[in-house]
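Have a look at the structure below before the remarks.
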2 protein chains.
Amino acid sequence: MPVLPSGVLGALDPTSDRAVFRQIADQLREAIDKGKFAEGDKLPSETELVEHYGVSRMTVRNSLSVLQGEGLVVSEHGKGVFVRPRPPVRRLASDRFARRHREQGKSAFIVEADAAGSHPTVDSLEIKEERPSQDVATRLGGPRRVLARRRRYLLDGRPVEFATSYLPLDLARGTPIAEPNPGPGGIYARLEELGHRLDHFEEEIRARMPAPSEVKTLQLASGVPVIHLVRTAFDTEGRAVEVCDTVMAADAYVLAYQLPAT
Amino acid sequence: MPVLPSGVLGALDPTSDRAVFRQIADQLREAIDKGKFAEGDKLPSETELVEHYGVSRMTVRNSLSVLQGEGLVVSEHGKGVFVRPRPPVRRLASDRFARRHREQGKSAFIVEADAAGSHPTVDSLEIKEERPSQDVATRLGGPRRVLARRRRYLLDGRPVEFATSYLPLDLARGTPIAEPNPGPGGIYARLEELGHRLDHFEEEIRARMPAPSEVKTLQLASGVPVIHLVRTAFDTEGRAVEVCDTVMAADAYVLAYQLPAT
DNA sequence: CAGTGGTCTAGACCACTGC
DNA sequence: CAGTGGTCTAGACCACTGG
């Protein structure tokens with residue numbers, strides 16, 4: 001007995017082996033996919049779904065949690081459950097660290113976001129000397145201590161990325177690299193001024209679900225994975241001069257790379 | 001009152017604002033992080049947790065579903081809830097399509113897996129002529145019809161990747177590219193023989209939670225995202241000659257790229 | 001204030017596993 | 001068979017939102 005305004009949702013199939021909460025999730029998912037609920041639209045309330053399907057509230061909530069896990073919907077306490085809006089995506093091109101982009105006064109993030117018409121912010125800046133993790137130490141060739149530069153990036157007020165750069169201490173201590181604002185062109189420009197002409201970068205990419213601390217820092221909705229990117233910068237002598245460990249909200253990014261065919 | 005064998009789990013804090021199911025999830029997560037439950041270990045059963053914490057079963061299940069969503073544990077019906085084993089990771093290097101790798105008789109996937117000591121398989125091979133999606137059409141320069149080659153890759157029996165290659169029909173029809181086995185070096189070698197010398201590839205990477213069909217095809221545990229990779233191959237004349245759309249189990253891959261500094 | 005989602009209980013029955 | 005997780009009910013009280 002459909003009692004919902006639009007009649008977009010069907011009935012349950014009692015003969016089906018498929019669990020009731022899955023059937024409900026299927027119907028909601030299909031309605032979303034077909035655009036019957038658009039981005040940002042409010043789904044029927046739990047109470048409405050309970051009445052429409054004639055099931056208990058826990059069953060309805062179970063359905064909704066399935067969709068939440070898929071990243072299709074977000075719930076807002078006291079308001080309702082909504083089709084998750086797709087945030088604007090930031091495209092990272094493979095030439096984003098080309099030398100010509102380092103000439104300007106601002107960091108790559110700021111320049112790029114400005115160009116895209118977004119309002120970029122950087123906060124939570126922290127600069128510390130510390131003992132590197134096993135992984136970072138290995139990538140940097142085994143320094144006993146490193147300079148760590150941590151910062152969070154926001155786009156139009158929304159946190160999208162949390163990054164930490166590690167540099168061997170003997171290389172960075174007492175230089176502008178250890179300053180909150182390293183100056184025009186960022187730390188890569190400073191590294192080159194210090195005689196470490198950059199040759200290439202290596203990036204390693206993984207995707208996984210966020211740890212609770214990452215959910216907090218990046219204000220992630222449930223059902224949103226993170227992209228974990230570790231970049232190592234090499235100078236022309238083959239020395240690893242920086243490791244940058246970045247955790248990105250996966251729904252805010254698309255990474256682009258160019259590969260040689262030769 | 002701890003009643004569990006090992007005493008690895010503490011008590012609830014009734015004065016805390018934190019929901020009970022979150023406190024339980026926190027304690028289990030911490031125990032896992034600290035190695036008190038190792039990879040593949042069985043967690044206490046729901047009944048044991050109910051008795052240990054003195055809460056209802058739904059509360060315990062709620063805790064466990066939090067950890068499942070984080071990809072930390074997997075449940076097996078009739079057996080228990082286990083710390084999710086980390087599968088071996090396949091590293092995709094940025095030179096994986098270099099011409100020198102195309103000389104051998106087998107596909108890149110097979111060669112690489114063999115070298116890593118894994119047992120590779122390819123199945124679900126399907127070759128069809130079809131009308132391209134808007135996105136694929138745009139990337140290929142607007143062909144009306146394309147040849148689609150679909151296949152699934154497995155490592156030691158576990159599905160890890162599902163890929164579809166799209167090629168303009170005028171280019172692929174009637175050639176070995178339209179055959180189930182395109183021959184040594186794969187379709188890239190055939191493209192070059194047909195006069196399309198490859199110049200470079202562009203790859204776009206996203207991460208997201210899988211759709212239900214992807215969960216099925218890749219037999220994904222809950223809490224495992226997918227990496228969505230779209231690669232376009234360009235010949236020396238700048239023509240896009242192939243688009244390969246790939247969905248990978250994120251816990252089975254790390255992607256590596258090299259970027260120029262110039 | 002009414003309506004929404006968030007948490008929790010105390011049961012029930014079922015399906016799957018392994019002995 | 002006993003033990004496990006999977007599904008579902010019918011309530012309860014709470015916290016948050018908006019008018």
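Data for the structure
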item	result
Filter result for A:Val83 (touching a Phe, Trp or Tyr at 6+ places or on another chain (Cβ under 7 Å) and more than 16 Å from DNA strand D (Cβ to nearest atom))	yes
Subset of the stretch B:18-40 (residues that are crowded, with 18+ Cβ neighbours inside 10 Å, within 12 Å of another protein chain (Cβ to nearest Cβ) and within 11 Å of DNA strand C (Cβ to nearest atom))	B:Ala25
Any hit, the stretch B:101-112, residues being away from DNA strand D (no atom under 16 Å from the Cβ), more than 14 Å from every other protein chain (Cβ to nearest Cβ) and hydroxyl-bearing (Ser, Thr, Tyr)	yes
Unique match (being modelled with pLDDT under 95 and open to solvent by less than 10 Å² (accessible area, probe 1.4 Å)) among B:Leu255, B:Leu191, B:Leu229	B:Leu191
Residues located in the stretch B:76-88, provided they are open to solvent by 60 Å² or more (accessible area, probe 1.4 Å) and either more than 14 Å from chain A (Cβ to nearest Cβ) or away from DNA strand C (no atom under 11 Å from the Cβ) (or both)	B:Glu76, B:Gly78, B:Lys79, B:Pro85, B:Arg86, B:Pro88
Search result, residues across the stretch A:179-206 that are in contact with a Leu (Cβ under 8 Å, 6 or more places away or on another chain) and farther than 27 Å from B:Val254 by Cβ	A:Pro180, A:Glu192, A:Leu194
Count of the stretch B:41-70 residues which are open to solvent by less than 40 Å² (accessible area, probe 1.4 Å), among the small types (Gly, Ala, Ser) and away from DNA strand D (no atom under 12 Å from the Cβ)	1
Qualifying residues in the stretch B:206-241 (those that are in contact with a Phe, Trp or Tyr (Cβ under 7 Å, 6 or more places away or on another chain) and within 19 Å of B:Phe162 (Cα to Cα)) - the one farthest from the other protein chains (Cβ to nearest Cβ)	B:Thr217
Residue count, the stretch A:157-178 (criterion: in contact (Cβ under 8 Å) with a residue 40 or more places away in the chain and either closer than 25 Å to A:Tyr253 by Cα or open to solvent by less than 60 Å² (accessible area, probe 1.4 Å) (or both))	14
Candidate set: the stretch B:242-252, residues that are outside any strand (DSSP E or B) and surrounded by 23 or more Cβ atoms within 10 Å (Cβ to Cβ); chosen: the one farthest from the other protein chains (Cβ to nearest Cβ)	B:Asp251
Selection within the stretch B:232-253 - free of Cβ contacts under 8 Å to residues at least 40 places away in the same chain and aromatic (Phe, Trp, Tyr)	B:Phe234
Scan of the stretch A:143-156 for residues that are surrounded by fewer than 18 Cβ atoms within 10 Å (Cβ to Cβ) and over 17 Å from A:Ala250 (Cα atoms), ordered by number	A:Arg144, A:Arg145, A:Arg150
Pairs, first over 19 Å from A:Leu12 (Cα atoms) in the stretch A:30-58, second within 13 Å of DNA strand D (Cβ to nearest atom) and open to solvent by 70 Å² or more (accessible area, probe 1.4 Å), C-beta under 8 Å, six or more apart	A:Lys42/A:Lys79
Flag if B:Leu167 is within 16 Å of the chain's Cα centre (by Cα) and either within 14 Å of chain A (Cβ to nearest Cβ) or of a type outside the set (Lys, Arg) (or both)	no
Condition check for A:His119: in contact with a strand residue (DSSP E or B) (Cβ under 8 Å, 6 or more places away or on another chain) and not hydroxyl-bearing (Ser, Thr, Tyr)	yes
A:Gly195 being in a loop (DSSP other than H, G, I, E, B) and in contact (Cβ under 8 Å) with a residue 24 or more places away in the chain	no
B:His119, sole failed condition from (1) in the same structural domain as B:Asp33 (by TED's automatic domain parsing); (2) open to solvent by 20 Å² or more (accessible area, probe 1.4 Å)	(1)
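The values are calculated or read from the model by the stated rules, or taken from the named source; none is laboratory data. These figures come from a predicted structure and were not determined experimentally. All Cβ positions, even for glycine, are placed from backbone atoms using ideal geometry, and neighbour counts span all protein chains on display. Note: areas computed on protein heavy atoms with side chains; ligands, DNA, RNA excluded. Shrake-Rupley method; radii C 1.70, N 1.55, O 1.52, S 1.80 Å.
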